[in-house]
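In what follows, a single structure is set out as structure tokens and then discussed.
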Amino acid sequence: MSNINTDEKLGFLMTIIPSVWYSKYFESRIHTNTYFHRDYYFVGLIVYHDLDGNFVNGWKYEQGRITGRLEAATAKGENTIAFTTPEATYKVREGLKSIFGPEDQSGNLSGGTLGEAVVTGNYSGGDNGTIPPDFWDNLPESLPHNPGVPNGGGGNSSGGYYGGDGNSYGSGSNTYAVTISLDIPSTMTLGTGYTITTVINPPKTLSYISYQIKNIATDQDYTIQSTPELICSTRAYRPGNYSLKAVVLFADGSNRSSNTININIQFPYYTEIIANATVLSQMNSAWAETKISNGSGLYAERGFAIYLNTGLNTYQFGSVGNLDRKNPCTSALVKANISISWFDPKDPRQGAQYPVATFHTHPPYLCGSSRRPVGPSGLDISYLATDYVNFVYDYTGTNGYLYFNHGIDDPAKIYHFGLERGKYKD
């Protein structure tokens, strides 16, 4: 290759080492692996040396994606790969465009042509290297129902989560199955990202895969994505119960459906909500404002609804309710009116703003000669506890009570009451 600024000529040796699995099923496709392109079924190693035979770098691939890096070894051992570079002469072929596949399929890079170094050589033979026998143990020679795949798929070695054996079709040597798996457990929290991985056993050339999600309550199907890729990444956008599947359209025009995986998307647990830095910051700010009087002993509670916006994957907050200041010693009620709104698009692929909790504060008690209980009041519990996760910021007090002569900056904490996680009905 030529440096476009200095015209310096650069070259290297690229060695492709396919796994037994790839060699068995895709020997005819190995030539499609080039410097600019990896076959999306490729499993193996690609190693680079300079023209003097010095190791530069190396990469482990699984289904066309980098999953590991080789390091230069200081000594030979059972986990090293030994290479002997034979003497060879090379002739760089002129006038080539950037090659993205076989040599008869070329294309231009954006901004101009960058010729790939395609060489022919007169090799003198020699040892091309050895691979430890156990190196590919997690990539079996024959395909089970759930072979190891990248990005935490359904393989035994990769620890994925999968939902059944898939559907087998045909007979004899033509039998194959389409199986999907998840990279996380099927019960997940609203807003969580997850990846669906498809395995075709044995592999077969495909056109595209339609990844689908069904709302079990309404029995309505939605297409998450149509793609030629064996993985689909998405997010738990809407609470409820759903089923996932993949429908594969093969290059020969046939199609097959995978197994189905049922998923349950739940509102976040109260400890997840309060552990969020944005939520905690908002609560602390409200508490600081609660302790500020207008100078005449009048205080106001702060309160707001807490929402999870699954489109933006962030927590958001409703408007602060009822800022009317009152004297907590004489007023029977100092309440923050919390307004909670819902917008549900009904589409599990679309983000929305879901109310997941309520929050309010209790004001200081700097008057009289009596006391009041700390934490959620009886009114709090009767008004909020049955439907939501709730938090109240209040003083810790002494033996469950806050006395009239307490300090404005005495210790305080956030109390949880009500549900442990929100509930949702279709």
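Are any of the residues in segment 375-385 without any contact (Cβ under 8 Å) to a residue 40 or more places away in the chain and loosely packed, with under 14 Cβ neighbours inside 10 Å? Yes, segment 375-385 contains a residue that is without any contact (Cβ under 8 Å) to a residue 40 or more places away in the chain and loosely packed, with under 14 Cβ neighbours inside 10 Å.
Residues considered: Asn215, Asn255. Of these, the only one that is farther than 23 Å from Val43 by Cα and either without any contact (Cβ under 8 Å) to a residue 24 or more places away in the chain or in contact with a His (Cβ under 9 Å, 6 or more places away or on another chain) (or both) is Asn255. Name every residue in segment 389-411 that is crowded, with 20+ Cβ neighbours inside 10 Å and in contact (Cβ under 8 Å) with a residue 40 or more places away in the chain, in order of residue number. Residues satisfying the conditions are Val389, Phe391, Tyr393.
Assess whether Ala288 counts as being of a type outside the set (Ser, Thr, Tyr), farther than 24 Å from Glu420 by Cβ and part of a helix (DSSP H, G or I). Criteria met by Ala288. Restrict the check to segment 52-61 and report whether at least one residue is at pLDDT below 80 and outside the structural domain of Ile231 (by TED's automatic domain parsing). Yes, segment 52-61 has at least one match.
Yes or no, residue by residue, for (1) under 30 Å from the mean Cα position of the chain (by Cα); (2) closer than 26 Å to Leu419 by Cα; (3) without any contact (Cβ under 8 Å) to a residue 40 or more places away in the chain:
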| site | (1), (2), (3) |
| --- | --- |
| Ala236 | yes, yes, no |
| Pro239 | yes, yes, no |
| Thr260 | yes, no, no |
| Ile263 | yes, yes, no |
| Ala275 | yes, yes, yes |
| Glu301 | no, yes, no |
| Ala305 | yes, yes, no |
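Anything in segment 243-264 that is among the hydrophobic types (A, V, I, L, M, F, W, C) and either farther than 15 Å from Ile184 by Cβ or modelled with pLDDT under 95 (or both)? List them, or say none. Of everything in segment 243-264, those that are among the hydrophobic types (A, V, I, L, M, F, W, C) and either farther than 15 Å from Ile184 by Cβ or modelled with pLDDT under 95 (or both) turn out to be Ala246, Val247, Val248, Leu249, Phe250, Ala251.
The values are calculated or read from the model by the stated rules, or taken from the named source; none is laboratory data. The shown structure was predicted, so the numbers you read here are calculated from the model rather than taken from an experiment. Methodologically, a virtual Cβ is constructed for each residue, glycine included, from the backbone with ideal geometry; neighbour enumeration extends over all protein chains shown.
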